[in-house]
Amino acid sequence: MNSNVTSVKLVLLGEAAVGKSSIVLRFVSNDFSENKEPTIGAAFLTQRVNIGNHTIKFEIWDTAGQERFASLAPMYYRNAQAALVVYDVTKPQSFIKARHWVKELQEQANKGIIIALVGNKADIIEDGEERKVAREEAEKLAEEEGLLFFETSAKTGNNVNETFLAIGEKIPLKNS
Ligand code: GDP
């Protein structure tokens, strides 16, 4: 029995089609779909992970990336303790958008929110040709702004659990 459960409200932000819902699907169900329906508004899912003898229960809000929903985002990040700001490593515009989300979170979200910058679709760039956002550029942003940083693939699962675990490790635990 594990009685030490810490709930963590986590929000995903990022341009449409960067793979936010796919990252959640991989993390929650260890599954992937090539033809995901776009998220309308926001979706809510939970997943537990064990860290040492503690359990972290992630309460995940996956927001829609379309511009017309952008004004709703504060409702989801306002009380969040953690955020994944996701971009697509093959789409420079999505990295610019990620920079904006990081800035908005730093200005408007809880002080102390744990932010992970996530470059998704890393499986596509293995041969190097399709990469459009340099790893160094993202690392620099992460270092300057104090963010966790991972390149992930929701398709292969690479680094998806690691991203959530790294956030979990930064969460102050109760009863410890
Ligand atoms: P969202 O709008 O940010 O939630 O993006 P989705 O999760 O709906 O994904 C958009 C499209 O990208 C879908 O067709 C996914 O199958 C695809 N996709 C998502 N993640 C990956 C990935 O890591 N690699 C590849 N190759 N495709 C992905």
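When the helix-only estimate is applied to the chain (DSSP H runs of n ≥ 4, each -39,500 (n - 2.57), divided by the residue count), what is the mean residue ellipticity at 222 nm, nearest 500 deg cm²/dmol? Walk me through the intermediate numbers first.
On the way: 5 runs with 54 residues, N = 176.
Dividing the helical sum by the residues of the chain leaves -9000 deg cm²/dmol.
Let me spell out the model: positive unit charges on the Cβ of Lys and Arg, negative unit charges on the Cβ of Asp and Glu, origin at the Cα centre of segment 5-170. What dipole size does that give, in debye rounded to 20?
Working: 20 positive and 24 negative charges, 129 e Å.
My answer is approximately 620 debye.
For segment 5-170, what is the accessible area per residue in Å², given a 1.4 Å probe and the full set of protein chains?
Ligands and nucleic acids excluded, the figure is 49 Å² per residue.
Any chance you could give the angle, 0 to 90 degrees and rounded to 10, that helix 135-145 forms with the longest Cα principal axis of the chain?
50 degrees
Find the eigenvalues of the gyration tensor of the Cα atoms of segment 5-170, then list the square roots of 5 times those eigenvalues as equivalent ellipsoid semi-axes, largest first, in whole angstrom.
Values: eigenvalues 90, 66, 57 Å².
Each semi-axis is the square root of five times an eigenvalue, giving 21, 18, 17 Å.
Taking amide H atoms as placed 1.01 Å from N in the peptide plane, list the residues 5 or more away in sequence, or in a different chain, whose amide H sits under 5 Å from that of Lys132.
Long-range HN contacts for Lys132: Thr90, Lys91.
What is the angle, in °, between the Cα long axis of helix 92-108 and the longest principal axis of the Cα atoms in the chain? Nearest 10 is fine, range 0 to 90.
Relative to the chain, helix 92-108 is tipped by roughly 40 degrees.
Just in segment 23-127: which trypsin sites (Lys or Arg not before Pro) are loop by DSSP and have at most 13 other Cβ atoms within 10 Å?
Numbers: sites: Arg26, Lys36, Arg48, Lys57, Arg68, Arg78, Lys97, Arg99, Lys103, Lys111, Lys121; in loops: Lys36, Arg78, Lys111, Lys121.
In loop regions of segment 23-127 (DSSP not H, G, I, E or B), the sparsely surrounded trypsin sites (Lys or Arg not before Pro) are Arg78, Lys111.
Over 27 Å between Cα atoms: which of Lys121/Lys170; Lys91/Lys170; Lys20/Lys140; Lys36/Lys57; Lys91/Lys111; Lys111/Lys132 fall into that group?
Numbers: Lys121/Lys170 25 Å; Lys91/Lys170 29 Å; Lys20/Lys140 22 Å; Lys36/Lys57 25 Å; Lys91/Lys111 29 Å; Lys111/Lys132 32 Å.
Flagged as over cut-off: Lys91/Lys170; Lys91/Lys111; Lys111/Lys132.
Hey, how many Å between the Cα centroid of segment 62-138 and the Cα centroid of segment 1-47?
So the two Cα centres are separated by 14 Å.
With axes computed from alpha carbons, what is the tilt in degrees of helix 20-29 against the longest principal axis of the chain, rounded to the nearest 10 within 0 to 90?
Orientation of helix 20-29: about 40 degrees from the principal axis.
Measure off, as a whole percent, the carbon and sulfur share of the 1.4 Å-probe accessible area of segment 5-170, all protein chains present. Provide the component values of the computation, followed by the final result.
Numbers: 3730 of 8140 Å².
The nonpolar share, carbon plus sulfur, comes to 46 percent.
The values are calculated or read from the model by the stated rules, or taken from the named source; none is laboratory data. Computed from a predicted structure; not experimentally measured. In this analysis, Cβ positions are derived from the backbone assuming ideal geometry, glycine residues included, and neighbour counts consider all displayed protein chains. SASA here: full protein model, heavy atoms, side chains in, ligands and nucleic acids out. Shrake-Rupley method; radii C 1.70, N 1.55, O 1.52, S 1.80 Å.
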